[in-house]
Every structure is written in structure tokens, then in C-alpha cells.
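The values are calculated or read from the model by the stated rules, or taken from the named source; none is laboratory data. Quick caveat: nothing in here was measured; it's all calculated off a predicted structure. Glycine gets a Cβ as well: all are built from the backbone with ideal geometry, and neighbour counts include every protein chain shown. When the accessible area is computed, the model is the full protein with side chains, heavy atoms only, and any ligands, DNA or RNA have been set aside. Shrake-Rupley method; radii C 1.70, N 1.55, O 1.52, S 1.80 Å.
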Amino acid sequence: MKNIILLFSCLLMLMVCGCQNQNKIPPTRVSSEQIKQLSDNDIFAISQQACVENDKRAIIAPDYNFLSKRLSNLTQNLPQKINNIELNYQVYFDSEPNAWSTVNGCIRINSGLMTLLEDNELQAVIAHEQAHIALKHGISMIRQAPYIEITDKASELVIVVKEETSQQFEIEADNYAFDLLVSKNLDAIGLVNMLIKMPIHAKNQPTSHPTTMKRIANITDRLSHH
């Protein structure tokens, strides 16, 4: 199993757990039955609040910063809306090379990743994150979780996802991103290069390294037949 940590506020824990009192200590585990009671709108609201809470904790690059301007330029040739959801971007001042998205259209990219990657590689990352939104992977991830644990940190939830499910989502997002980049006449080789450059796969999750190789092989195969 693979643990995926999402940062939520106490409000979100109330939404998931159905607690009536903010001072009440929430249960340590949310069962699959409780998860099933969440509607898509509930999950959308959870994602939206998660984005807000993460933004509050982050140091965000202002619009006039060169990183924000660079990101804005790179998104011009990519969809502005997905599933009728307006996409919104922010750059976090964070040296860790990372990017993430939520089902409500938030896409966040760390300055460390922007420093590491070339323009076409960053566009590949953006397309990949857009794919997760388009394919509703965030909703599926919660729906398929056998349970959700609340840690001893008041704002942290841990969603347990099967490794094969996580791998499947990444391959699906790569394929969607590949087709999107090709349709926009953008260089899809960035999908390969960004995977090669990103150290997060090898450093933080050693067991995922073969998965990265599988992703690279999949994209390379598609490039060869394009």
C-alpha cells in the first residue's frame, strides 16, 4: 500500500468525519463506509479547502516575480478550463522539486522544480497535472481508499492507496498529457526529460523507481509511433 498525505484543515476533518464540535477529538480512522457517503461535491469542496490551507502555509511568488511570469507564459498554449473548471496556478517558494494538483483546478509548482526544468519539461509537468484533474484521479483516489487515517497532527489526513492504483493513475496521466501536448504542437519529449531529472522519485520513494522507468518506457514507445 502507498500512503499519500494530503493537508487539510479541521473544517475538512469535520466534513469527512461528520464531527459536530470543533473541540472534539476526531476519530483516528475514517472507514470505507464513511468515505462512500461523500458526494463528488463533498470531495470537490475538500480539495478546494485543501488548496486554500496549503496556500496559507506556503510562501507564494507574487504575480510580478519572474517565476510567476514564466509559469503564466507556459500555460498560455494549454487549456484554461477542464471539465468546466477554471484552472489556477501558483508558484511556491520551495526548493523541493515538486508539483501537485487538486480536483477543483488548483495546480501548484515549487520554485525548485521550475529551476530544475526547461520550458518544455515544465509544460509536460503542467499537462500531467491537468490530466489528473481531467481524469478525476483525486476523486477516484478517495473513492477507492479502504480507509482514511487522521494523524496526530491536527491538519493532516493520510489516504491509503494501492501501489498499482497509483501507478495506473500516473500512466493514464502521462498518456493524457502526451496527447494534449501533441495536439498543441508542443514537444512531448519533455515528459521523458522531466522524469529523468526529478530526484523525488529515487530519493523519497525508492520502490517507485521501477515505476518511473515504466513511465519513461511507455512515453518513449508512444514517441516512436508518433
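Partners of LYS81 within straight-line reach, counting aspartates and glutamates whose Cα lies under 16 Å from its Cα and excluding those fewer than 8 residues away in the same chain: GLU129.
Computed from phi, the 3J(HN,Hα) profile of segment 116-122 under the Karplus parametrisation 6.51, -1.76, 1.60 (θ = phi - 60°) reads 6, 9, 6, 4, 5, 6, 5 Hz, with x in place of Gly and Pro. Listed by chain and number, the aspartates and glutamates placed with their C-alpha closer than 13 angstrom to that of LYS214 are GLU164, GLU170, GLU172, ASP174; residues fewer than eight positions away on the same chain are left out. Segment ILE196..THR115, full-extension length gain: 27.7 nm, with 0.36 nm per residue of separation and the alpha-carbon distance subtracted. The magnitude of the dipole of segment 60-178, with charges of +1 and -1 set on the Cβ of Lys/Arg and Asp/Glu and taken from the Cα centre, is near 400 debye. When nucleic acids and ligands are ignored and a 1.4 Å probe is applied, GLU33 ends up with an accessible area of around 110 Å². If a spin label sat at a point 7 angstrom from the Cα of LYS56 along the line to its beta carbon, the backbone N atoms of segment 95-113 nearer than 18 Å would be those of 106. Near VAL30, the amide H atoms lying under 5 Å from its own belong to ILE148, GLU149, ILE150; only residues 5 or more places off or on other chains count, and H is placed 1.01 Å from N. Ordered from largest to smallest accessible area (heavy atoms of protein chains, 1.4 Å probe), the residues TYR147, TYR176, TYR92, TYR64 come out as TYR64, TYR176, TYR147, TYR92.
Per residue, how much accessible area does segment 70-176 have with a 1.4 Å probe, in Å²?
On the way: 4330 Å² over 107 residues.
I get 40 Å² per residue for this part.
Per-atom-type breakdown for segment 55-119 gives carbon and sulfur 48% of the accessible area (1.4 Å probe, protein chains only). ASN193 sits among other residues whose Cβ lies under 12 Å from its own Cβ, and their net charge, with Lys and Arg +1 and Asp and Glu -1, is -3.
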